[in-house]
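Please read the structure below before turning to the comments.
The values are calculated or read from the model by the stated rules, or taken from the named source; none is laboratory data. Keep in mind it's a predicted model, so treat the numbers as computed, not measured. So basically every Cβ, Gly included, is an ideal-geometry build from the backbone, and we count neighbours across all protein chains shown.
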Amino acid sequence: MEHVYDLIILGAGPGGLSAAIYAQRAMLDFLILEKWLPGGEIANTFEVENYLGVNRLSGMELADKMVHHAQDLGVNITIDSVTSVDFSKEIKKVITETTSYLTKNVIIATGARPRKLDVTGESRLNGCGVSYCGTCDGFLYKNKIVAIVGGGDVAVEDAIYLSRIAKKVYLIHRRDNLRAVKSLQERMFKQINIEVIWDSTVEEIAGENFVEKLIIKNKLTNAVSTLAVNGVFIAVGHTPNIDFLNNQVELIDGLWIKTNDHLETSVKGVYAAGDVRDTYLRQIVMSVSDGALAVSEIAKYL
């Protein structure tokens, strides 16, 4: 007879790792699956300073600490990519690239991936001047000119980070004010080599073999201009990693997983934690809290 787990956790970012720690302490029979590298998107964050108990730490360092914390408690992370799921029965089925598993409960904590602009030249020049991670690729642009597209926390964090490396940094934002928290904005505006281009969108990324320029349109005047850059970093939000779900749980706006106050989805026994769910605040602290709450709810009924 095939083994049935109490719980399978999909994803080993902050939400999944938090869930794993609580599942381990609750002595549940569980499995945590991660398709690539444990730690999640925070590993791509330059600096974390808003997580309680961490004054200032790189995202990579914090991710590493979280992974080791879970492993030190005896959590084993299985590296295997989930391709599909079947939530139609009381015992759920999780299918991966190598095998399949049965479980009574599932926590979806697969995070989200950077959203694309979907403009001409973006795909063709991806990796050749187009990047979605300032901390990953910033070192390539020492004393060069770069642009960042976006107006949220990640975009402003990238601008601050790149200002220490690049000669000039442009921040291109489609509105006349930024969404990033005020403390980040204040730090950014103090950098003399950062210039904000307001009310503008990138219409095209151009270059023969590498990014050479951006075609920019001002939304107020419709004026089109050219900006010479050596690279462009795109930070315009994220798309949840839920392709494997095949619409088996209710979604908000066709993207984010809808959950109740106990983080249960529209399917009994299936929960969501972190950036995949419909939530106002997508931050590390929320993901960690979600993972703990979801397991606490599951443990009540096992």
Practice problem: Taking Tyr271 as meeting all but one of (1) surrounded by 22 or more Cβ atoms within 10 Å (Cβ to Cβ); (2) under 24 Å from the mean Cα position of the chain (by Cα); (3) hydroxyl-bearing (Ser, Thr, Tyr); (4) under 27 Å from Asn177 (Cα atoms), write down the number of the exception. | Solution: (4)
Self-check item: Matching residues in the range 245-277 - criterion: being assigned to a loop (DSSP other than H, G, I, E, B), closer than 24 Å to Ala299 by Cβ and among the aliphatic types (A, V, I, L, M)
Solution: Val249, Leu263, Val267, Ala273
Practice problem: Output the residues belonging to the range 130-160 that are among the hydroxyl-bearing types (Ser, Thr, Tyr) and either under 20 Å from Ser200 (Cα atoms) or at pLDDT below 95 (or both). | Solution: Ser131, Tyr132, Thr135
Self-check item: Residue satisfying condition, being modelled with pLDDT of 95 or more and over 27 Å from Gly274 (Cβ atoms), within set Leu227, Leu184
Solution: Leu227
Practice problem: Inspect all residues belonging to the range 226-244 and state whether any of them is assigned to a helix (DSSP H, G or I), farther than 27 Å from Asp158 by Cα and not β-branched (Val, Ile, Thr). | Solution: yes
Quiz item: For the range 1-27, how many residues meet the condition of being in a loop (DSSP other than H, G, I, E, B) and either in contact with a helix residue (DSSP H, G or I) (Cβ under 8 Å, 6 or more places away or on another chain) or among the polar types (S, T, N, Q) (or both)?
Solution: 4
Self-check item: Selection from the range 94-119 of residues that are small (Gly, Ala, Ser) and part of a loop (DSSP other than H, G, I, E, B)
Solution: Ala109, Gly111
Quiz item: Taking the condition among the aromatic types (Phe, Trp, Tyr) and either closer than 30 Å to Val146 by Cα or in the same structural domain as Ile160 (by TED's automatic domain parsing) (or both), does Phe210 pass?
Solution: yes
Quiz item: So Tyr161 clears everything in (1) in a helix (DSSP H, G or I); (2) free of Cβ contacts under 8 Å to residues at least 40 places away in the same chain; (3) over 21 Å from Lys217 (Cβ atoms) except one condition, right? Which one?
Solution: (2)
Practice problem: Answer yes or no as to whether Gln191 is at pLDDT 95 or above, under 22 Å from Asn50 (Cβ atoms) and part of a loop (DSSP other than H, G, I, E, B). | Solution: yes
Quiz item: Are any residues in the range 28-47 modelled with pLDDT under 85 and not in a helix (DSSP H, G or I), and if so, which ones?
Solution: Thr45, Phe46, Glu47
Quiz prompt | Single match in Arg187, Arg179, Arg174 (criterion: under 22 Å from Glu41 (Cα atoms), surrounded by 14 or more Cβ atoms within 10 Å (Cβ to Cβ) and among the basic types (Lys, Arg)) | solution = Arg179
Quiz item: Which of the residues that make up the range 279-298 are at pLDDT below 95 and over 14 Å from the mean Cα position of the chain (by Cα)?
Solution: Tyr280
Practice problem: Kindly establish whether Glu204 is acidic (Asp, Glu), closer than 30 Å to Glu97 by Cα and either modelled with pLDDT of 95 or more or surrounded by 19 or more Cβ atoms within 10 Å (Cβ to Cβ) (or both). | Solution: no
Quiz prompt | Residues (at positive phi and surrounded by fewer than 18 Cβ atoms within 10 Å (Cβ to Cβ)) located in the range 2-34 | solution = Met27
Quiz item: Listed residues Leu52, Leu31, Leu37; which is closer than 20 Å to Leu102 by Cα and in the same structural domain as Leu245 (by TED's automatic domain parsing)?
Solution: Leu31
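Residues checked against (1) assigned by TED's automatic domain parsing to the domain that holds Val82; (2) more than 22 Å from Asn44 (Cβ to Cβ); (3) not charged (D, E, K, R):
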site	(1), (2), (3)
Gly254	yes, yes, yes
Lys258	yes, yes, no
Val267	yes, yes, yes
Tyr271	yes, yes, yes
Gly274	yes, no, yes
Thr279	yes, no, yes
Gln283	yes, no, yes
Leu293	yes, yes, yes
Quiz item: Name the residues in the range 284-302 that are surrounded by fewer than 24 Cβ atoms within 10 Å (Cβ to Cβ) and touching a strand residue (DSSP E or B) at 6+ places or on another chain (Cβ under 8 Å), would you?
Solution: Val285, Glu297, Leu302
